[in-house]
Amino acid sequence: MMRRSTQLWSAGPISKAGSEGRDALAALAVHVVSANEVLRLAFLWASPDGKGAVSFSVSSPAQGIEPLLSPGIDAVIVDIADDENGEIEFLTRVISLGPDAPVLAIGREDAALQMRAMAAGAEDCLGPDTETMHVLLALRRAVARRQARDKREIAEVRPTAEPQMTLVQEASEAMVILDSHGNVRFVNAAAEELMGRSAGELIGKPFGLPTDPGEHEVAVLRPDGDNRFAEMRIVDSRWGGVPARVAALNDITVRRKLERTMEAAEAQSREANKRSRTFFSNVNHDLRTPLTHIIGFSEMMKNEQLGPIGGERYREYARDIHSSGTMLLDMIEDLLGIADAETENTSLTDEICNLGQLLEIAVASQKIRAGEEGLKIEIDCPAKLSGLRGDAKRLRQGLFRLVAEAIFSARRGATLRLTVTENEHGLLLMLNELVTHEDDGLQTRLPYCDDPFISTEDSGAARMQGLALSLTRKVMELHGGTLDAHGGGNLPMDIALRFPPERLIR
């Protein structure tokens with residue numbers, strides 16, 4: 001069959017001749033794929049009617065393999081020409097993705113080309129000069145060979161005691177094969193276990209779950225009342241030579257139940273935190289109100305605003321009441337601040353802060369009190385200091401409590417020096433108590449108090465491990481820093497606050 005020629009066969013065009021003995025043969029439906037329009041017309045013209053006939057349908061390679069997916073095709077002929085336009089590649093696609101039927105190739109008399117067609121999987125490869133009867137006989141032989149192979153495969157499987165297990169059957173994932181109508185064609189053991197039904201109950205029935213290709217998360221309702229959750233992936237495929245869809249289901253029931261348990265626990269934790277905040281808010285109000293009255297009345301008595309008290313001891317008592325009330329109010333503020341930080345799992349507001357300015361604000365607010373205690377406060381801070389990324393409000397609160405506690409713990413006449421330095425390890429703030437004479441003995445580190453609510457009132461040490469420094473330590477921890485305290489008793493104070501280098505904005 002010459003390319004681009006009306007000459008199709010050496011013995012003339014395909015004809016209806018050669019029907020002798022044909023009545024004993026079964027009818028064959030053959031589909032021809034060719035880019036040659038003349039060849040396609042010749043095959044259509046050669047389609048005889050009657051029992052035992054070989055009927056032809058045709059398409060071009062440009063139409064793809066879609067025309068080959070119609071049911072009832074017994075054999076396929078592919079015109080590979082001289083493989084100038086990738087006909088061998090198309091032949092391979094037809095054999096891989098087309099119907100479950102033998103495929104013959106027709107091409108030029110070239111041994112290499114014909115061997116390539118056979119290697120691609122063609123049952124036979126005919127030359128362009130093949131006569132009509134030989135083409136029909138080649139089709140009959142190809143179909144007979146295919147049927148004989150199928151019978152041999154069935155005979156080889158039959159003696160075994162159990163059916164052969166495929167990869168799909170042995171897969172740990174639940175595998176379901178669906179037809180074009182969404183009905184179940186096959187299920188493996190994992191799918192039976194997941195869905196709680198046997199293969200006999202599922203095959204031939206609607207799937208009951210989404211059948212669109214893609215990924216889905218589904219809930220599987222089992223007959224025993226146990227609900228399962230699964231991630232399902234559906235892809236287009238073929239089954240038994242016809243289009244089908246394969247669904248792979250991964251059981252995620254345990255993971256979903258665990259996630260729901262964690263969500264419930266998180267919601268319960270949020271509710272507990274909310275109740276804690278409400279409780280501490282109420283405590284704050286209930287304690288602050290009477291304390292404010294106590295401090296106000298004692299201040300009036302201390303200052304004798306309504307007239308002289310009459311006795312020095314009464315005035316001393318009034319000063320003690322005022323001092324104790326103020327101290328108790330500060331402790332309550334510290335207690336509530338620590339509790340708030342502990343229960344809320346606080347996230348910081350990142351701002352660019354100037355540690356030197358925050359320190360000056362904290363010291364300025366306490367200078368009067370320091371003067372009353374006979375103390376001096378000095379600040380040694382570089383003029384050019386890197387910015388500190390942190391929560392300005394919390395830093396201000398922590399520094400205020402640090403200075404207030406230092407004033408409370410320092411000896412009368414001492415100087416409190418606050419020194420800020422910067423190096424490759426970050427930012428360091430040192431608070432040192434300087435005295436006019438040196439005490440005997442070496443400095444020792446105070447034990448760390450893990451629980452901020454444990455008081456050191458009866459420990460014989462200063463309040464450096466009490467509520468105030470615990471609040472400052474919590475602020476430092478929120479910023480990734482540390483607080484170390486040394487001294488107490490007869491030793492001078494030595495408190496170090498260290499901020500990590502990643503908090504600095506240089």
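Close amide H partners of Met493, meaning residues 5 or more places away or on another chain with modelled amide H under 5 Å apart, are Glu433, Gly488. Counting only protein heavy atoms and using a 1.4 Å probe, the accessible area of Phe297 comes to about 130 Å². Residues whose amide H comes within less than 5 Å of that of Ala244, counting only those at least five positions distant or on another chain, are Ser237, Arg238, Trp239 (H built at 1.01 Å from N in the peptide plane).
For the cross-link pairs Lys367/Lys393; Lys257/Lys474; Lys151/Lys205; Lys274/Lys367, which exceed 28 Å when the distance is taken from alpha carbon to alpha carbon? Write out the running numbers ahead of the final one.
Numbers: Lys367/Lys393 20 Å; Lys257/Lys474 36 Å; Lys151/Lys205 30 Å; Lys274/Lys367 38 Å.
Exceeds cut-off: Lys257/Lys474; Lys151/Lys205; Lys274/Lys367.
Over the range 343-403, what percent of the accessible surface lies on carbon and sulfur atoms, probe 1.4 Å? Whole-percent figure for carbon plus sulfur exposure: 47. Packing here is the average count of other Cβ atoms within 10 Å per residue, and on that basis the peptides 354-365, 303-314, 108-119, highest first, run 354-365, 108-119, 303-314. Determine the shape class of the range 221-334: with a ≥ b ≥ c the square roots of the Cα gyration tensor eigenvalues, call it rounded for a/c under 1.5, and otherwise prolate if a/b is greater than b/c, oblate otherwise. Here the range 221-334 falls in the prolate category.
Residues whose amide H lies under 5 Å from that of Ile77, counting only those 5 or more places away or on a different chain, are His31, Val32, Val33, Leu104; hydrogens are built 1.01 Å from N in the peptide plane. Backbone geometry of the range 308-314 corresponds, through the Karplus equation with coefficients 6.51, -1.76 and 1.60 at θ = phi - 60°, to 3J(HN,Hα) couplings of x, 6, x, x, 4, 5, 5 Hz, x marking Gly and Pro.
The values are calculated or read from the model by the stated rules, or taken from the named source; none is laboratory data. Predicted model, so just to flag it, every value in this text is computed and none were measured. Methodologically, a virtual Cβ is constructed for each residue, glycine included, from the backbone with ideal geometry; neighbour enumeration extends over all protein chains shown. Please note that ligands, DNA and RNA were not included when accessible areas were found on the heavy atoms of the full protein model with its side chains. Shrake-Rupley method; radii C 1.70, N 1.55, O 1.52, S 1.80 Å.
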